[in-house]
Every structure is written in C-alpha cells, then in structure tokens.
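**Student:** There's a structure below that I have some questions on.
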Amino acid sequence: MSLAMSIASRGLTNNKIDLETKKLRYVSCFGVGKIPSCKYLTKSNKSEFFYCKACECGDHKHTWLQREPEVYSKLDYPSLTCPLKMPGFTNYDPNSPKEEIQRKQQIEMMDFENLKLVNLTISVDAEKEKIFERVNNMMKNS
C-alpha cells in the first residue's frame, strides 16, 4: 500500500519532495554530526548506495535511499513512509517507535541551520523550470 502511494505521488512527471524535507529524511536515515545513522541503514551488495532493511523492500536500484544527483532516489518521493515513523517522512509520529525515541528526539531538537550542512541535490526537470519561469514572469508583468 505505501509503495503504491509513493509511486502515485511521483506521478507521470517525476514529482519530487522539496529539498529541506529530503535533507530531513537524509538525517533520519544517515544521521549527521552527533546524530547517529539508523540501525536499519544497510549498504547495498550491488553498489555503493544504501537501503533501509526495516522497509523489507530489499536491495534494488529503486530502493536505494540516495543515488547520483541526476537519478530519482527513494528519498525523492513526495509521499514516503518510514517503518520507524521518523521526521521528514509522510507517516512521522513523534511518539513512535519507543526503540528509536532518543535518536528521533535528537533529530527533532537539532538546529535546523545544520540542515544547510547536508549536501544533497534534487535534479531539476528543465521543461518544468521553463514553465515555472514563464508563469512567474507573467505574474510579475501583470
């Protein structure tokens, strides 16, 4: 069910989550600074990338959390659930799960200026950017 929702949220035009939310998801999975990575973060046997073992989706190109900047990755989906309900994910719950509550609280309490230190990109659809620029210009000129 959650896979179907993620795929639907991607749509036919490869919709992506905003950069700040993607960075928050990244911190929830990979950690940053004194925040450790998730215990379910697992290195792929097929590449240099990582996937979530808690999701039980397996080690596949479409399950790798982060990939090359120009390639759509799992963290890009607008709708994406986390088995641990961590910050940044669609099903985020500050009270669950109890096993990861301390790590979750570290993420919740972190200075969000630290998100600027997370170096991620979201590839851009050039055609969508042109349309967005035209709409902005029309609004500015009207």
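**Student:** From the mean inverse distance of alpha carbon pairs (Kirkwood) and the Cα radius of gyration, derive Rg over Rh for the chain. Could the numbers behind the result be given before it?
**Tutor:** Values: Rg = 16.4 Å, Rh = 16.3 Å.
Rg/Rh for the chain comes to 1.01.
**Student:** What distance in nm lies between label points placed 7 Å from Cα along the C-beta direction at Asn15 and Ser2?
**Tutor:** 1.9 nm
**Student:** How far apart, in nm, are the 7 Å Cα→Cβ label points at Ile101 and His62?
**Tutor:** It is 3.7 nm.
**Student:** Follow-up question, since we're still on this one. Using the structure shown, list the pairs from Lys34/Lys74; Lys23/Lys43; Lys43/Lys74; Lys53/Lys104; Lys23/Lys74; Lys39/Lys74 with a Cα-Cα distance above 21 Å, or answer none.
**Tutor:** Details: Lys34/Lys74 24 Å; Lys23/Lys43 19 Å; Lys43/Lys74 15 Å; Lys53/Lys104 18 Å; Lys23/Lys74 13 Å; Lys39/Lys74 18 Å.
From the list (Lys34/Lys74; Lys23/Lys43; Lys43/Lys74; Lys53/Lys104; Lys23/Lys74; Lys39/Lys74), the Cα-Cα distance tops 21 Å for Lys34/Lys74.
**Student:** Separate question: Quick one: putting +1 on the C-beta of Lys and Arg, -1 on the C-beta of Asp and Glu, what dipole do you get for the chain around its Cα centre, in Debye to the nearest 20?
**Tutor:** Numbers: 22 positive and 18 negative charges, 35 e Å.
Charge dipole of the chain: 160 debye, to the nearest 20.
**Student:** Go through 12-20, 86-94 and give me the packing order, highest mean Cβ count within 10 Å leading. Please list the in-between numbers first.
**Tutor:** Values: 12-20: 13.3, 86-94: 17.7.
Going from most to least packed, we get 86-94, 12-20.
Read-outs: derived from the displayed coordinates by stated rules, not from any lab. This is a predicted model, so every value here is computed, not measured. Glycine also receives a Cβ, built like all others from the backbone with ideal geometry; neighbour counts cover every protein chain displayed.
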